[in-house]
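Right, one structure below, let's go through it.
The values are calculated or read from the model by the stated rules, or taken from the named source; none is laboratory data. Not measured: the values here are computed from a predicted model. Counting neighbours? That spans all protein chains shown, and the Cβs are built from the backbone with ideal geometry, glycine included.
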Amino acid sequence: MTAEQVARYVVAKAVWAPSVHNTQPWRFTAAGQQVSLYADAGRRLVVADPDGREMMISCGAALFNVRLALRSLGYIPETRVLPDPGQPELVARVSWRQRAAADELERWLFGQILTRRTHRGAFDPEPLPPDMLAALRAGAEREGAALRIVADDGRRAALAAAVEEAERHLRLVGERVRELARWAPPPGSARSDGVPATSYPARPEHTEPYFPGRDFARGHGWGVPPLGSATAHRAAGVAGLLTTTADRPADWVNAGQALQRILLTASGCGAAVALHSQPLELPWLREFIRTQLSDDACPHLVLRIGLVTQVAVSVRRDPGDVLFSAGGDSARLG
Ligand SMILES: Cc1cc2nc3c(=O)[nH]c(=O)nc-3n(C[C@H](O)[C@H](O)[C@H](O)COP(=O)(O)O)c2cc1C
């Protein structure tokens, strides 16, 4: 493959990373054997994400896919995570010179990139495969973050209450509702970004404790009808928090890389993950979670992990719309 073909291949996989409201806030340039990943600040959630933390987490997840895609080709990625005040949108540069065959774990994770989906709703009551949580925790640590399982019933209920409180607040603030609406198109939309109605349940699936999802449908009745086979007894799943020790843009990128490693590992184990960032978008609830539930580590996302039959279908922009040559002409490479 030529360097340009490698760049195209890598970006075609990178775009399948998760991103807040499926904003896909990224842009790539290629030059020789190097891809640069930039945050696309025009896609940042101005109200929900004033500091760009969720945007950088999303870019970090895309960066993990870039690394994994290079490994799938037998290249060793050399990654420099770079957000700095001088070039705040430059997330990372990844180059490839040396080769080594991908190992079994890398191939297994890579195989999940296209099929993994965000789950929104309840889980089956069956327990997770043994050792899975240990693998998820170890994976997060490898990427410079931590996955803290919130197992204690009282703390789990407090975490659910924080999500519920945040969701109630978000639904009452006009500018937040309008921002969400811009990223939640109606069924049948031809858009290739935003959260499609094929990716969330038409009716909230209540659990004990209850972690409400985002109100993408906003009373329109959009969403996927319940499966006929759905059992009455549904579970909230194992709750966890994704955290980093510090709270700088580079930590947010690492949180995103850890998130994607967690999601792909879970997917490979046959499990699904629901993400809740509602309470982390409200400073007082983020502070409550930091001090009361995450031992003063900086929280980025609430995760719920469980087993379920996945039905969500998502969308992405064409890789050609986000990959450009690094030369002055910024020509499309896709
Ligand atoms: C930083 C971040 C925050 C997110 N927050 C939520 C959330 O609060 N609720 C939700 O349902 N999904 C959340 N997601 C998942 C995205 O909506 C999802 O990745 C996107 O719609 C693409 O769908 P897919 O993951 O199924 O490919 C979040 C993802 C990221 C990276």
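Structure data summary
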read-out: Checklist (1) surrounded by 16 or more Cβ atoms within 10 Å (Cβ to Cβ); (2) part of a loop (DSSP other than H, G, I, E, B); (3) within 20 Å of the chain's Cα centre (by Cα) applied to Leu114, failing item; value: (1)
read-out: Top-ranked residue of segment 117-144 - restricted to ones that are among the basic types (Lys, Arg) and part of a helix (DSSP H, G or I), ranked as surrounded by the fewest Cβ atoms within 10 Å (Cβ to Cβ); value: Arg142
read-out: Verdict on Ala3 being closer than 17 Å to Ala326 by Cβ, within 16 Å of the ligand (Cβ to nearest atom), without any contact (Cβ under 8 Å) to a residue 60 or more places away in the chain and not acidic (Asp, Glu); value: no
read-out: Within segment 153-168, tally of residues that are in contact with a helix residue (DSSP H, G or I) (Cβ under 8 Å, 6 or more places away or on another chain) and either among the β-branched types (Val, Ile, Thr) or farther than 22 Å from Ser314 by Cβ (or both); value: 7
read-out: All positions within segment 207-225 that are exposed (fewer than 13 other Cβ atoms within 10 Å of the Cβ) and either within 18 Å of the chain's Cα centre (by Cα) or not acidic (Asp, Glu) (or both); value: Gly219, His220, Gly221, Pro225
read-out: Answer residue from segment 78-105, given it is among the acidic types (Asp, Glu) and surrounded by 15 or more Cβ atoms within 10 Å (Cβ to Cβ) and is modelled with the lowest pLDDT among those; value: Glu89
read-out: Any strands (runs of 3 or more DSSP E) falling wholly within segment 251-334 and containing at least 2 residues that are surrounded by fewer than 24 Cβ atoms within 10 Å (Cβ to Cβ) and near the ligand (Cβ under 9 Å from one of its atoms); value: 272-276
read-out: Selection within segment 7-44 - in contact with a helix residue (DSSP H, G or I) (Cβ under 6 Å, 6 or more places away or on another chain), within 15 Å of the ligand (Cβ to nearest atom) and outside any strand (DSSP E or B); value: Ala12, Lys13, Ala14, Val15, Ala17, Pro18, Ser19, Val20, Thr23, Pro25, Arg44
